[in-house]
Structures are given as structure tokens and as C-alpha cells.
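Please read the structure below before turning to the comments.
Since every read-out is calculated from the coordinates, none of them should be taken as a lab result. Worth saying up front: this structure is predicted, and the values here are computed from it rather than measured. Positions of Cβ are backbone-derived with ideal geometry, glycine not excepted, and every protein chain shown enters the neighbour counts.
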Amino acid sequence: MTEKKLLMGNEAIALGAIEAGVQVVTGYPGTPSTEALETVARYADRCGIYAEWSSNEKVALETAVGAAYSGAKALVTMKQVGLNVASDPLMSLTYIGVKGALVLLVADDPGPHSSQTEQDTRAFGHFANIPVLDPATPQEAYELTKLAFELSHEFEVPVILRTTTRVSHSCGDVEVAAPGPAAVEASCEGFTKDRRWTIFPRLTAERHPWLENVQVQLSERFSGLPYNSVSGSGKIGIIASGVSALYVKEAVKGFEELFTIFRIGTVHPFPEKAALSFLKGIEKLIVVEELDPYLEEQALQLIGKAHLPVDIYGKKNGFFPVSGEYNVDVVIDCINKVLSDLGENSRLSHASPAIFRGELPPLPVRAPTLCAGCMHRTVFYAFKQAAKQLKKDTQVETIFSGDIGCYTLGNAYPLNMVDTCLCMGAGVSIAGGLFRTNPEVKQVAFIGDSTFFHSGIPAVINAVYNGADITLAVLDNRTTAMTGHQPHPGIGVTALGNHSKAIDIASVVRSCGVEFVKTVETGSLEGCVEVAKEAMEFKGPSAVVFKGKCVGITKSGTRFEIDSESCTGCGFCVKQLGCPAIFLPAGEDRPLIQDSCSGCGLCAQVCPSGAIRESWVKK
Amino acid sequence: MKYDILIAGVGGQGVVLASRMLALAAMKAGFCVSTAETIGMSQREGSVSSHIRIGDEISGSLIPAGQADLLIGLEPAETVRNLPFLKKGGKIIVNSHSIPPASKPPGSPEYDPAALLSFLKAHAPGLLCLDFTQLAEDAGTYRAANVAMLGAAAGTGMLPFSKEIILAVLKTEIPEKHRAVNRTAFEGAVEKIKLISGHLNGEQKVNSNV
């Protein structure tokens, strides 16, 4: 008996995995992939599934590999940049293969909305010889997840389920097989010793032909699957995958007779046979896809191989944008460009808006910012003060390296405290490199607690080993905040809510050989400035662990207000802190504190006239 | 039948919850639905929006420009920002309570909510503008402004389903300890708009039989 449920794409994937009999689920949080593992964890107890937030994506994949070697069905979840971290084991794993099943959910982020790259996991699949499925809706995500497990088990290869933000974070009505997830019945035979599990140059040489042959077999299989379908019989062909296929469907509404649309759900290995029969019926081909010209390259290759007289219109000849997120309007504009080039009279039309974008009045810039009361603001402000004093006392400048997390927002005006940011854990190592080339400048590296465990530790060890004179500032708010507050190794709680040993960051740093290690609470700005300055003046690697609370998961009992009698209207609090709770009403000179105040008291500590006071206890 | 709703606001205002409630209500009413939400970095006080597409068939989750039938704006500037998504003659419900940006980087435009509200009124005749934050605060918490706005939308017949359906969703979606205050905010908005001139009724009704 099937049932319709409103599911987010990531939830649909979790339910699909449970239905497929997944036994072990690992991952590292990353937008837009996070909710998949969270959903599995919610049902883990009922269904008998093991789930964990691992310390990083490489560890997550390797853990899942161990489970799959033993015959279990495993799922690993991550965002696209997480795949870069996991790519080392994955590239080798393709030669070894798996028993049981191993599916990787990798969420791409065209735009990007919440990522540092616009990379395309379909291209990664091509590079690594890993099959890639590319759903367009939560319903397809649910179905393709189950297919991914079947394929992985049958062909003994890892399979990537690749989504984009508009699939993972879209909600839709999904027809699921059962009203609620049932206990997983699959059993796991356990690990059997065999030389196939130990990679070695000779084994790789033996396995490589097998791996290439699997690609051929999969391409054959994919050509017969209903997820790759042709509709229409117009003279202009369109090929699309993922959400782009839905944009196409909506864009060509009313002009369907002009086009034949080939929609691909299993993108790699390219379903050549199905594509060939589609291409044979057309002379002009439009390729609609976000990110890399993956389908375009596959089509070009196939057309060349089969000597077909088909002209292609895509990214490579400038008809479609090479970057950014697509939508129906982008697709309409681009297809119209092609129609015009082809000398066609028809044009797809846009809807008439209430107003065009160009007619809007100037609007306030509303950049994302640290929450009201965020401990990171106190730490950034403290280092700003400490660096000012250092410069005054010794003429030494400071470079601040940032990292990935909420605290990347320390780059925003007016804090301006992030001079570099690259990828998870990079801040500490970059600071080391900056020290080699800017020895007269003080190097400070900020890193969050979860990021520290993810990939910060090797960089700390490197700084100590090679003697990089850097100051490490760990922003320990006791959660993985940016992705929605997942636990991490420093908390003492696992993804399943079980207690575990909480790993103390200061002890780790000390055991790496850092001689100056201090821990300070972020309640007192003065205390933070003092310790920051002391750490910056220390010769050799130094570290401070700043401990505070994430306002996203803690309740504050108080809030602050500005006494309009004593406020001089200097605006210092507004200009220095950028706290979203403090604002200056238009035309006024005295700021106000809004309801979102969570009572950190940083503003009261910086107010030159002592006009900000704790006011009342929150309801 | 096709009915596209866009909810716009600032991170933390409850755009995602409002969107989920509408989507669940649409499903209860027997429609297909898809939504696209802003999740992630922008939730930290940034501009957020949610696209809710209701109809007889599944489409991509993003509403094309000029196709939204209804724009629910939890904040004046965010409502104006998303106006290009509204179709000509589409309906607007806007919360007059403004949220100034956290910081004003040099060169960024001055925020004048009153001017933006007049702009909206000039470009969308018949828009429904109220201080829903105040209305929610009177009901018990300013945080329920999102649910109050759903009450206004349902009360004026701007949605392709009844207010009873949303109330049923409210029961299952909002945790018990917040339920009463949200219900009060919802009903408060329904009552409030009854007092506003009658022109909202009738002509703005959605014909759900389309």
C-alpha cells in the first residue's frame, strides 16, 4: 500500500535508503545534504540502522567501505566539496569495488548558495568511473536511491546519487511504499578475508579492465531504464538532466510540437544506445544543464563517434551560461537565442510580472551575518582590539585567516576579520604559509570546533613540527552550527544521541606540542582581549580555545536595552559590532535594541558612555 | 489548476514553517505540490524566500518571473525584492513591520520602509498591508507573524483551500506548547481582516475550480 507524504528531497532519499535495506549510514554535515542522515538517524532505532556523524567525509566514506566490505548496505552523505575530502579513498575504491552495497549521496550547489565551489559531481563520476544518478524531484530522489542500492549490489561498485540544492532542499508530495519506515531485514554476512580487499599495483592493474567493462555494461543497462525517456517528436532535440529537465518542460509549454526532449536520470555512464536512437531523429540539439557541460561533451563525443549530422547548442558555443543556477526564465532566454540562430519564427514567452527587476527602487543590502549574541562576534572583536594594541606597541600588523563555518561571516562589515578563507581546515595551514612569506606580520587563524576535528589537527601538527609562528583561535560553540547544529567529537554525544567520550580541544592542541594553550569563556570581552594579546605575543605556535554558546540552540534569560537618557548617539555600538539586534531607526540618532537580542552583553561592554544595560528577563 | 505562492522574509521569521504548512494544506486539498526554500548561510539574518507551487502536475520548484499568484511578504523590503515574481494583477499580503539590516556597509542604500510600502501600494492595487508582527505580539509572541499572515491569506480567500485545512495542519505541525498562541494569531488575523473594507472579499477569491 503506497502513501503520499510531503518530503524534502533529502528525507525522500533517507526513506528510499531505509526501504532498500541500508544498515550503516555515515556522513559529515554539509548544506544541502545534511537532512538525509538526520532523517535516517530519527528512524535508526526503530529500523535497526547504525548512523554516525563522522569526523570528516574521508573518514565517513572509509567507515562505510568497511561496512560494505562485510556485505552490509551502506550510505555516505556529504556535500560536493565533501567529496573532494573523500576523493582519496573513493578513487581507489572504484578498483576494489564493494560487496553489499555502497551509495554516496553527494549534493551539488549551483549558484552557489552555501558553498565555496560550483563543481559538478557528474563530472567527478566520469573522472572516477563511478555511476551517477541525477534525480529531478523528491519523488525521483526516492526512487533513484533504491535503484542506486540495487545497482551497487549487482555490479559491486560504489554508486553516486547526485542531487542539487533544488532537489535536496525542495519539498514535494512523494508516493512512498509504506506509511512508515519498517525495520531493515537485511543481514550482513561479515568480513571474509580475501586478497581482493588489499589494493596493490598488481591488483589495480588486474581490476582496471573490469572497471572499464562495468562502465560499458552500465551504459547498456541505463539505456533501457525508464528514467531516461524521450517525449515529443519535434525537429529540434533537447537533452537535459536533473531539475533542468523540469525547467525545459515548463519553458517550452505551448511549443511542444517544435521539440523532442530526451530526459536523462542516469547520467553516468552515459546511456549511449538510448541517446543514439534519440539523436538519429534530429538535426539540431539543445543541451540544457547546470554547472559543467557534461551531457554536452557526451553528446558531442557520440555524434562524432557515430558521424551524425547534428549541430549542438549549449555552453561550449555560448548559448547557455557556463555558471550559476538555471531557472525557467534562463532556459527560455537561451532556447530563444537558439531559435533565432536557427531562423525559426517561434519564440518562447515569459510571463508578465507585476514589475520588472530593473524597475525596483534601491533596496537595502541584507547580507547574511552572525546572529545576535553570537560568541564569534566577541572573539573577532577581541582580536581586532588585540591586533590594534599589538600594532600600537610594536608596529606589527596582523593577518587573519578564516575557515569554513558560521564564523566565515566574520568577513562581513563592520568586523572585516577574515582575510583568507579557502576550504575546511585550510586557515591554519595558510597562516603557516603566510608566516614563511610575511615573517614580520603576526598570523592568526580562526577555526570552529567541528572544523578543528574535521581537518584542523594535521595543520596544527604541521605548524608545531615546522615551527610556524601562528596563533590558533578555536571558536568552540559546542556544535556544528552552520549546517543546523549537529554534534561533533567534542560534544560527547553521537548522531544517534548516545553518550560518547568528549574530546577536549585544548588537550589535543597541547598534545600536538603547542606550548601556549589557554581556554577562555567569551562572556568577558576584556578577558578575551587579554588572552588574545598574550597568545599573539607568544613566540612560537600558540592557541586559545574560546568557549561560548551557540544562540541557535541555547535559551538566553536576559536581554539588553539602551538608556536613551545616557546614550549620546555616538553610534559606536552600531558601527563597531554589526549586531543584528541593534539598529538605528531612519532619521534618528539613538539606536534601539530589538527583540532578537539574546543578552550576550557585548554592546554594553563597548558602549563608551555606559548607556547599555541588562533590562529584563525574557519570557 | 496552478497556483504559485511566494513567501519572502528575513532569516529567522519562519518562512520555512509557513511554506511547509501551505504545502501540507495543498496536499490535504488533493493537489500536487513542490516547494523551494532558502536553507543554509542566508538563514543568518539574510534575505530568504520560499516558493510554493500548487497544481495538478509537478513542475520545477522555482516559480518563474511574473508567475506567482500570491506574494506573502513578512517584511516590506523583502516583499519589494520579490515583486518581479508576482504576475500582473497578482495578490500581495505584506507585513508592515520592518527589519532593518544588521549593518549598513558604506554605499548601500538607506532603508526607508514607508517609501517601500507606498511603492508596493502604487504597484499592487488592493494589497493587504497590516502590522502582522504587532498582531502576533498581541496574541502572545511576535514570532507568530508568519502564521498570522497565513490566517489573513486564508481569511480573504486568497488560497486554493479553506482555512479549516490550514488549521488542521497547524494542529499537526506546530508543537503543542506553541500551538495555542499560533492559533490565536491565526484567528486574530482572520478577524482583523473582516474589519477591513469589504472590497477584499469576493473579487480576490481564488477560484479553486479552475
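Side notes on the structure shown:
- Kirkwood Rh (inverse of mean 1/r, distinct Cα pairs), chain B, angstrom: 17.0 Å
- Diffusion coefficient (Stokes-Einstein, Kirkwood radius over C-alpha pairs, 37 °C, 0.692 mPa s) for region A:229-341: 239 µm²/s, rounded to a whole number.
- The angle separating the long axis of helix A:138-155 from the principal Cα axis of greatest extent in chain A is about 70 degrees.
- Of all DSSP beta bridges in region A:375-547, antiparallel share, percent nearest 5: 10 percent
- Applying 1/(1 + (r/R0)^6) with r as the Cβ-Cβ distance of A:E397 and A:Y465 and R0 = 25 angstrom yields a FRET efficiency of 0.45.
- The simple Förster model, with R0 at 51 Å and r as the Cβ-Cβ distance, assigns A:A502 and A:F127 a FRET efficiency of 0.85.
- Using only side-chain charges placed at the Cβ, +1 for Lys and Arg and -1 for Asp and Glu, the dipole size of chain A relative to its Cα centre rounds to 720 debye.
- Shielding of peptide B:92-101 by partners, expressed as the average count of other chain Cβ atoms within 10 Å per residue Cβ, is 3.
- Using bins of 5 Å that start at zero, the share of Cα-Cα pairs per bin across region A:279-358 amounts to 3, 14, 22, 22, 19, 12, 5, 2, 2, 1, in whole %.
- Distance (nanometres) between label positions extended 7 Å along Cα→Cβ at B:A115 and A:T568: 3.1 nm
- Taking 26 Å as the straight-line reach from the Cα of A:K193, the lysines in range (excluding those fewer than 8 positions away in the same chain) are A:K58, A:K73, A:K99.
- Once you divide the Cα radius of gyration of region A:344-488 by 2.2 N^0.38 Å, the number left is 1.41.
- DSSP-defined antiparallel bridges as percent of all bridges, the protein assembly as shown, nearest 5: 35 percent
- Two-decimal ratio, the protein assembly as shown, of alpha-carbon radius of gyration to 2.2 N^0.38 Å: 0.98
- Relative contact order computed over chain B (Cα-Cα under 8 Å; 6+ residues apart), in percent: 20 percent
- For region B:74-142, projected area of the alpha-carbon convex hull averaged over all directions, nm²: 5.4 nm²
- Treating r as the C-beta distance of A:R196 and A:T494 and R0 as 30 Å, the FRET efficiency rounds to 0.40.
- Simple label model, 7 Å out from Cα along Cβ direction - A:S511 to A:S233, nm: 7.1 nm
- Given their separation in residues at 0.36 nm each and the Cα-Cα distance between them, A:K4 and A:A306 gain 104.3 nm when the chain is fully extended.
- Exercise: per-residue mean of other protein chain Cβ atoms within 10 Å, B:16-25: 1
- Sequence-distant lysines (8 or more away, or on other chains) whose Cα lies within less than 25 Å of A:K539: A:K384, A:K388, A:K391, A:K392, A:K442, A:K518, A:K547
- The C-alpha atoms of chain A define a longest principal axis, and helix A:525-537 lies at about 80 degrees to it.
- Grouping the Cα pair distances of region B:73-114 into 10 Å bins from zero gives a pair-distance distribution of 26, 47, 23, 4 percent in increasing distance order.
- Beta bridges by DSSP in region A:229-341, antiparallel share as percent, to the nearest 5: 20 percent
- Taking other residues whose beta carbon is less than 12 angstrom from the beta carbon of A:L15, and scoring Lys, Arg as +1 and Asp, Glu as -1, yields -3.
- Size of charge dipole - region A:558-617 - debye, nearest 20, with Cβ of Lys, Arg +1 and Asp, Glu -1, no other charges: 180 debye
- Test item: B:115-127 mean partner chain Cβ contacts at 10 Å: 2
- Qualifying trypsin sites (Lys or Arg not before Pro) for region A:432-536 [loop in DSSP, other Cβ within 10 Å: at most 14]: A:K501
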